[in-house]
Amino acid sequence: MGAFVAKRLGQAVIVAWGALTLVFIIVRVVPGDPAKLILGPDASADQLKHVRSDFGLDHPLWRQYLEHLGGVLHGDLGDSWRLGGSALGDTLERFPATLTLSLVALVLTILLGFPLGMLCARRPGKVLDLLVSTGSLVGQAVPSFWLGIVLILLFARELGWLPATADGSFAGVLLPAFTLALPFIGWLARLVRNGALEEGAKDYVRTARAKGVPEGLVQYVHVGRNIAVPVVTVLGLLMGNFIANAVIIEVVFSWPGIGSLMVDAITNRDYAVVEAAVLTMTVSYIALNLLVDVVYFALDPRLTPENA
């Protein structure tokens, strides 16, 4: 296991470096001069030149990249010209908000998706099964920003049940978290349903039923335990997707996470914050993938890093 983790960590470093390099290039080739955004449209040529020199923007791109990479290796991603502090510090300060939103979305996905999948498996082809299948396709096809706006109009403006934007309360996280989770609830239900049907046709399930074990115990203990491995794997990946997909949701609901911070930084050409936000998301996704692999082996002792 130690060799497997070391190998994955080596791969993680390469992926993080690739993501950082790609973002570094993209944000600098996009039209726009950060110096003009800092000083405004009335700045003189000398003032613009001075600011570009302070931020190293007057250097060739290759030199900027090497200097930036050297800073990253020392834990310094640069300073935010707009916020006036460490870009990494500003990003990590916002990360708990994004993590909270993603965790609540994951909990909602599990609480709604898993029971729905088990119910569909008990009555395949019936009304609920067809509704969940159709809803899953529709939920994944609908743009998240449009869905968020519709939910705001319905539950915040018309019904007044939930706040439309983040207000620091638990109710304030429910609407954005549900918007984030909704496309994946039906998807998880379909995964659980298919896994339960496959397991339900096996001999050990027929034996349990022949012994008179109640159907609820058969489904939620025997079958549920054996479909846990693929479900846990998917849930770990979903958490990574939630962190990445939260960008648009945070903007729609004014949620103070790294997604809204990154969008604001892109608009204002705050290179250091964009790179810090992307690197934080990348590292989070990699860490979750590694955690999923470790849990995968723990849930199924038959698996080893060599035969997985």
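The values are calculated or read from the model by the stated rules, or taken from the named source; none is laboratory data. Computed from a predicted model, the values in this text were never measured in an experiment. So basically every Cβ, Gly included, is an ideal-geometry build from the backbone, and we count neighbours across all protein chains shown.
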### Query
Residues of the stretch 67-82 being modelled with pLDDT of 75 or more, surrounded by 12 or more Cβ atoms within 10 Å (Cβ to Cβ), of a type outside the set (V, I, T) and on the phi < 0 side of the Ramachandran plot, which ones?
E67, H68, L69, G71, D76, L77, D79, S80
#### Entry: Flag for V278 being surrounded by 20 or more Cβ atoms within 10 Å (Cβ to Cβ), out of contact with any Phe, Trp or Tyr (no Cβ under 9 Å at 6 or more places or on another chain) and either among the β-branched types (V, I, T) or under 23 Å from D167 (Cα atoms) (or both)
yes
### Task
From the list A105, A189, A181, A121, pick out the single residue that is hydrophobic (A, V, I, L, M, F, W, C), part of a helix (DSSP H, G or I) and in contact with a Cys (Cβ under 7 Å, 6 or more places away or on another chain).
A189
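Find the residue count for the stretch 146-167, including only residues that are over 18 Å from I185 (Cβ atoms) and not hydroxyl-bearing (S, T, Y).
13
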## Note on the structure
Over the stretch 223-265, the set of residues among the aromatic types (F, W, Y) and within 24 Å of G85 (Cβ to Cβ) is W255
### Query
Given the stretch 196-298, what helices (runs of 4 or more DSSP H) lie entirely inside it while holding 3 or more residues that are at pLDDT 75 or above and either farther than 22 Å from P115 by Cα or not assigned by TED's automatic domain parsing to the domain that holds K7 (or both)?
228-252, 258-267
### Query
Can you find even one residue in the stretch 122-143 that is within 24 Å of the chain's Cα centre (by Cα), on the phi > 0 side of the Ramachandran plot and surrounded by fewer than 20 Cβ atoms within 10 Å (Cβ to Cβ)?
no
### Any pair with Cβ under 7 angstrom, 6 or more apart, that starts in the stretch 73-89 at a residue that is more than 20 Å from T282 (Cα to Cα) and ends at one that is modelled with pLDDT under 75 and surrounded by 19 or more Cβ atoms within 10 Å (Cβ to Cβ)
W81/P34; W81/I38
### Query
Taking the stretch 49-66, which residues are modelled with pLDDT under 70, surrounded by 14 or more Cβ atoms within 10 Å (Cβ to Cβ) and assigned to a helix (DSSP H, G or I)?
V51
### Message
Taking the condition of being in contact with a Gly (Cβ under 9 Å, 6 or more places away or on another chain) and free of Cβ contacts under 8 Å to residues at least 40 places away in the same chain, how many residues in the stretch 94-121 meet it?
### Response
1
### Task
With the condition kept exactly as written, say whether any residue in the stretch 99-116 is more than 20 Å from the chain's Cα centre (by Cα) and closer than 23 Å to G240 by Cα.
yes
### Task
Report the residue count in the stretch 121-137 for those that are small (G, A, S) and at pLDDT 80 or above.
0
